[in-house]
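The values are calculated or read from the model by the stated rules, or taken from the named source; none is laboratory data. Because the structure is predicted, anything quoted here is derived from the model rather than measured. Note: ideal-geometry Cβ built from the backbone for every residue, glycine included; neighbour counts use all protein chains shown. Areas reflect the complete protein model, heavy atoms only, side chains present, ligands, DNA and RNA absent. Shrake-Rupley method; radii C 1.70, N 1.55, O 1.52, S 1.80 Å.
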Amino acid sequence: MIEPSHSMFADVSRYFDRAAAHTSFDPGLLEQVKQCNSVYQVAFPVRKDDGGIQVVQGFRVEHSHHRLPTKGGIRYSADVTLDHVMALAALMTFKCALVDVPFGGAKGGVRIDSHNTSPAFRERVTRRYTAELSRKGFIGPSVDVPAPDYGSSETEMAWIADTYQALHPNELDSYASVTGKPLALHGIPGRIEATGRGVSIGIREALADVDQVRAAGLSPGIGGKRVVVQGLGNVGYHAARCLVEEGAVIVGIAEREGAIHAPDGLDVDAVAEHRLETGSICGYPGARVLGPGEDALELDCDVLVPAALENVITQANAPRIRARVIAEAANSPVHPDGEAILLARHALVIPDLYLNAGGVTVSYFEWLKNLSHVSFDRMSRRNDESRAERTVAAVERLIGRALPLPERSAVTGGAREIELVRDALEETMATAYGQISELRRQRSLGDLRTAAFLFAIDRVARSYMAQGIFP
Ligand code: NAD
């Protein structure tokens, strides 16, 4: 059981300290890297649908100003606290550093239950929250750029963009004030799927890491691996779909209303459609609903993907987790005491600060696109196509025959923006995995999380040193 007084920021600090012990930086510098730089808490009144007034709590925490703007999603949840937001903001700093995205970390929180409120109420809350952030300088393309998180989506990001634009009509780059926007409102293709796609790339990379995987008692490779996913929201749904594309089999899915199990595999889109139609994943044909006393997290599988909430694996249930790989798609799904048990049992934990960094990576691309006011493929696509046409024509002349049409069009088409985004995401996730895995090996670290924190702390600390603030 996690106590109500339990601090998530203290958990992140614990991981930080564990990694920082492997550095020789000045203690003052490490303290600066660890603490939250700016914290804003606000309460504002919003008209409810029944005419009454609700006072809503809002938070924004900028964890690190070593790079600007700061960046991080906004969590809409009745349970969100300042402590959560501080912890998530800190994770964002290390996440950005790890995947070489030039932002400091930030996070926002709005204390409402987004699943049980009307769109009209959420719009009033979101617009007012944006105005409060703007008033205090906690939003803007060069200072702090929010994005979606648990309970928020591109709809909320559109309201934020529109409100910010209305408040700053003369700002040329106003749409770069928030990412995760709809495509029709200066968004980028591939942002919605980005976190889940990144999760699946990260799992694939980890499962190809032969020593790690053998040490966890599995055979290398993602093909045929049995996966259980908790949470079929943005991250969980896209992670599950992409994992199937990679050759894995989804054998279990858990949602708020219950969990289903199908050892031969689930059709993720069909389950999502069933949930949309009936309001529940339970009752999906061909799958068994888990009974009372059963827990999806404890199902027999190779890879467990918690993609919903924090602290779902604790000291209490860690001994019963059967998966050999725990892939942290959500932020902080494994409590440090639960992690200690998993590691003692030689399970492989792929840490959140690496695994769900695909979202902020593609947010970075969206921000760049908004600042340049041009899509990534616009200036090059036709040119790439005609160069490829000329090359293929030369090859055909040389070999004395025309290439078959499918092969010809596979090489002559210029890259579309979605392909550029996906390739850049793939490159980012694969490179970052290689770096933390190599660091773990070089420094003989027991786990990937310590390696990921160590890599990120080093980058942030060196950035402060380069600014001349610390010796
Ligand atoms: P979301 O709101 O789209 O989805 C969360 C899902 O979890 C919902 O479908 C919800 O019904 C489900 N859920 C809630 N309680 C549950 C329970 N007890 N058991 C099973 N399912 C439950 O949120 P999201 O954006 O997918 O975020 C999920 C996690 O990923 C969060 O920890 C978030 O911080 C993290 N994350 C999200 C992004 C992003 O780009 N959206 C990026 C990085 C990290």
Give me the one-decimal Kirkwood hydrodynamic radius in Å for region 151-258, with the sum taken over alpha-carbon pairs.
16.1 Å
Could you give the C-alpha radius of gyration of the chain expressed as a fraction of 2.2 N^0.38 Å, taking N as the number of residues it contains?
1.00
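How much accessible area per residue does the chain have, in Å², with a 1.4 Å probe?
Numbers: 19660 Å² over 471 residues.
Value for the chain: 42 Å² per residue.
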Check the chain and count each lysine pair with an alpha-carbon distance under 14 angstrom, considering only pairs eight or more places apart or from different chains.
5
Whole-percent pair-distance distribution, where bins are 5 Å wide, for the alpha carbons of region 220-265:
6, 24, 31, 25, 10, 3, 1
Packing rank of 42-48, 323-329, where each peptide gets the mean count of other beta carbons within 10 Å, highest leading:
323-329, 42-48
For 195-208, 126-139, ranked highest to lowest by mean beta-carbon neighbours within 10 Å, the order is 195-208, 126-139
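At a 1.4 Å probe radius, which order do M8, M86 fall into by accessible area, largest first? All intermediate terms of the calculation are to be shown ahead of the outcome.
Values: M8 5, M86 40 Å².
Largest to smallest exposure gives the sequence M86, M8.
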Counting only protein heavy atoms with a 1.4 Å probe and every protein chain in place, the carbon and sulfur fraction of the accessible surface of the chain in whole percent equals 52 percent
Counting only DSSP beta bridges with both residues in the chain, tell me the antiparallel percent, nearest 5.
45 percent
Which of the listed residues, G233, P189, S134, is farthest toward the dipole's positive end in the chain, when Lys, Arg count +1 and Asp, Glu count -1 at the beta-carbon?
S134
Using θ = phi - 60° and the Karplus form 6.51 cos²θ - 1.76 cosθ + 1.60, what ³J(HN,Hα) does each residue of region 408-417 get, whole Hz, x for Gly and Pro?
4, 6, 5, 9, 9, x, x, 5, 7, 4
Compute the Kirkwood hydrodynamic radius of region 39-185, taking the inverse of the mean of 1/r over all pairs of distinct Cα atoms, and give it in Å to one decimal.
15.1 Å
Please report, to one decimal in angstroms, the Kirkwood hydrodynamic radius of region 144-192 built from all distinct Cα-Cα pairs.
10.8 Å
State, as an integer percentage, the relative contact order of region 15-113 based on alpha-carbon contacts under 8 Å between residues 6 or more apart.
29 percent
